[in-house]
Each structure stands twice: as C-alpha cells, then as structure tokens.
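Everything on this sheet refers to the single structure shown next.
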Amino acid sequence: MDTRQHLVRQLADGRCHSGQALARSLGLSRAAVWKSVRALGEDLGLYIEAVPGKGYRLERPLDLLNSLRILEAVTAEARTRIPALYVLERVDSTSSELLRIAAAGGASGSLCVAEQQTAGRGRRGRPWVSPYGTNLYLSVLWRFAMAPAQLSGLSLACGLAVLRALQDLGARDLGLKWPNDVLHEGRKLAGLLIEMTGEAGGPTQTVIGVGVNTCLPPDSGKEIDQPWTDLERVPGAAGLSRNRLAGRVAARLVETLAAYGSEGLDPWLEEWQRHDLFYGQAVALHQGSQTIHGLHSGIDPSGALRLLVGGRVQAYHAGEISLRPVPDAGP
Ligand code: BTN
C-alpha cells in the first residue's frame, strides 16, 4: 500500500486526524502529510478540510472496498464460482482490466471491482462517470460453451440479476428498462455493459460490467447526460454498505451466468416482464441515427424488444428506448 492509500484509509472514518498523528502513523514529516493531503484532494477528487488546530477531516466518511467483506456477502455456492477477486484502487475500467486478465488466461468467474475508474465505459460509446470511493464498479469474466448468437438474452438476465441483488438488500420501487437498465422513479440507478467475443459455433467469452450509483457527488452528477439517481434516494437502500452490495451483485450475477448456460432466458422472462417499466407504452427506439416509434409489446424469448410499428409487431435486438413524448395538445 502506498502513502496515498494509507492516508485515505486513515481519513476514511470522516473524523478529524491531527497532522502529528498522521505523520507518526505514516512515517512522514508534517509538511509531507500536508502535501499528501493536498495531492489526495487533487488526484481523487476528495474534499479534505483542514480544521485549524485540530487536523484533517474528509467531508464525508468513505466505505472503502475490502475483499474479505465482499466475500462475506457472497453465498457459499456462488463463492465456488468465483476463482479470483481483484479489488483495485484505480483502473481505467474494471471491464478492460478483465479483458486483459482474460487475454492472459484468467479463469472464468474472475471478478474485478475498483474504487475509481479513469475511463469507465457505458453503452453506446458513452463514458460512465466513476468517482473515487463511491458507487459500485464491478465486472465479471464468464466463458460459455455456446455461440454468441445463443446469448442474445444474456444482458436481460444480468439486468434482472442486479435488480434482484438490490431487492435482496432491501431496495424498493425499482424497475427495468430494456435491455438492462435498472431505474427508480424513471431515473437510471444501474447500467450494464456486456462485451462478447467468440467463434460462430462457440465458445464465447463475455465480460459483464455493472455500474450502480450508490451516492453520486453533485459535481459528478452534472457530467451525466441522462436522468440519474442513486441508492441514497431509493427507499430501503440509503446507507447500504458497498461491500455488501458488491458481494450480493456478484453472487446474483454468477448464479445467473451459471444457469444461463443451460437454461437460456426462459426462467427469467416472466419476472423480467413484471418489472418492465415501459411495457404497453408508446416508445422511441434509438438505433444509431435512426429512431423507430412504436408500442412496446413485450420481450420475445431471445430477449428482443417487440414493437408494434405500423400495425405489425417487429423484434429489435439493439438500441436504446425512451418514452415517446406525448404530443402537446395545445391550449
Ligand atoms: C450503461 O451505459 O448503462 C452501462 C454502464 C456500465 C458501467 C460499468 S462500471 C463497471 C464496468 N466498467 C466499465 O467501464 N463499465 C462497466
């Protein structure tokens, strides 16, 4: 652990720590502590208050990631499916890290979480805002014997796995938006990015990346170009431990991934549709520069969105939906 990590851990409790005590425990001069505190603020975007005559204090306590506490929250059965857990301070993207680990022969079921992502990736080429010490950034590597074409419903099953994990921990009033966003009051709480590579006849390598907003600092929220929310605003979920959340999400995901290999989307379809917030509504489906308007008529067994367009139901496999604005009736 380097000086910066030591310092963050000392300050994580949100209490005031004197410069002298920090200098002693870190083996530094008080001037060096001051410099490190400033660098911490600049590097990690943390606000550290210098209280005259008392010391340094973080604006908000941090609930830092800890591998043992994450594994405590993983069921015994799920643990057998996670051969490696990487808990990182800072990485470009937990999914990119797992792609590198996979290329070097990493085992299926490897899990990666990080305190901060410097190049977090969202769907449709969007960035995923990933500030330090808050939210959940988690990815899982999974290899399937089947072909990529047979995995078209995987992203829906994984979205439901994340919703179930949140519900297990007490979160209420959550719903799904095709293909895999978890929403609360029409705002995005969690998103998934699934990256697949494989031969036409299989096997297929997947990296499933999950981002859950636990508590987004206002400055970070300003960078997001769609309505968002975080667990602090969800009934039953405020103050939830990030380690418990990581463990629960990991457990639900690997359970789903293991079952998907043999059962496909079928066992999840009914529950998915029950949580579908847009079913029966007029929606706009955005695919690149194209927008298709239609009535959301459910999900087909392959995970495709069924849209009633011009009197015919058609299945769409990709894109992003939004509610179609009701035309202004005028005065
Ligand atoms: C989306 O746009 O809805 C998908 C967001 C996925 C974000 C997660 S955070 C962990 C993993 N690492 C990434 O770079 N992206 C995913």
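Coordinate-derived values only; no laboratory data. Keep in mind that what you see is a predicted model, and the values were worked out from it rather than measured. When we count neighbours, we look across all protein chains shown, and the Cβ atoms used for this are built from the backbone with ideal geometry, even at glycine.
Listed values, structure above:
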{"item": "Fewest-first sequence of Cys158, Cys215, Cys16 by Cβ atoms within 10 Å of each Cβ", "result": "Cys16, Cys215, Cys158"}
{"item": "The stretch 151-273, relative contact order [Cα under 8 Å, separation at least 6], %", "result": "32 percent"}
{"item": "Peptide ranges 267-274, 130-137 listed from the most packed, as the mean C-beta count within 10 angstrom indicates", "result": "130-137, 267-274"}
{"item": "Net length gained if the chain between Met196 and Ala238 were fully extended (0.36 nm per residue, minus Cα distance)", "result": "11.7 nm"}
{"item": "Mean Cβ count within 10 Å, highest first, over the residues of peptides 21-27, 232-238", "result": "232-238, 21-27"}
{"item": "10 Å binning of all Cα-Cα separations within the stretch 88-185, expressed as whole percents from 0 upward", "result": "14, 37, 41, 8, 0"}
{"item": "Value of relative contact order over the chain, rounded to a whole percent, pairs C-alpha under 8 Å and six or more apart", "result": "15 percent"}
{"item": "Distance from the stretch 103-161 to the stretch 236-299 (C-alpha centre basis), Å", "result": "14 Å"}
{"item": "21 Å Cα-Cα reach of Lys177 towards lysines, excluding residues that sit fewer than 8 places from it in its own chain", "result": "Lys188"}
{"item": "Sequence-distant lysines (8 or more away, or on other chains) whose Cα lies within less than 27 Å of Lys35", "result": "Lys54"}
{"item": "GluC sites (Glu not before Pro) within the stretch 151-220: DSSP coil, no more than 10 neighbouring Cβ in 10 Å", "result": "Glu199"}
{"item": "Nonlocal amide H pairs with Gly303, under 5 Å, H built at 1.01 Å", "result": "none"}
{"item": "Relative exposure of Val210, Val8, judged by other C-beta atoms within 10 Å (fewest first)", "result": "Val8, Val210"}
{"item": "Cα-centre dipole for the chain with unit charges at Cβ (Lys and Arg positive, Asp and Glu negative), debye to 20", "result": "780 debye"}
{"item": "Structure-based [θ]222 nm, the chain - -39500 (n - 2.57) summed over DSSP H runs of at least 4, per residue, nearest 500", "result": "-9000 deg cm²/dmol"}
{"item": "Residues Ala119 and Arg60, FRET efficiency given R0 of 25 Å [Cβ-Cβ distance, rounded to 0.05]", "result": "0.55"}
{"item": "Net charge of Cβ neighbours under 11 Å - reference Val207; Lys, Arg +1; Asp, Glu -1", "result": "+1"}
{"item": "Ordering of 295-301, 66-72 by packing [mean C-beta count within 10 Å, highest first]", "result": "295-301, 66-72"}
{"item": "Taking the convex hull of Cα positions in the chain, its mean projected area over all directions (nm²)", "result": "20.6 nm²"}
{"item": "Spread of Cα-to-Cα distances over 10 Å intervals beginning at zero, given as percent, for the stretch 3-58", "result": "27, 66, 8"}
{"item": "Prolate/oblate/rounded label for the stretch 58-99 (Cα gyration tensor, a/c 1.5)", "result": "oblate"}
{"item": "Inter-label distance for Arg30 and Arg100, nm, one decimal - labels placed 7 Å from Cα along Cα-to-Cβ", "result": "4.0 nm"}
{"item": "Cβ charges +1 (Lys, Arg) and -1 (Asp, Glu), total dipole of the stretch 121-232, debye", "result": "220 debye"}
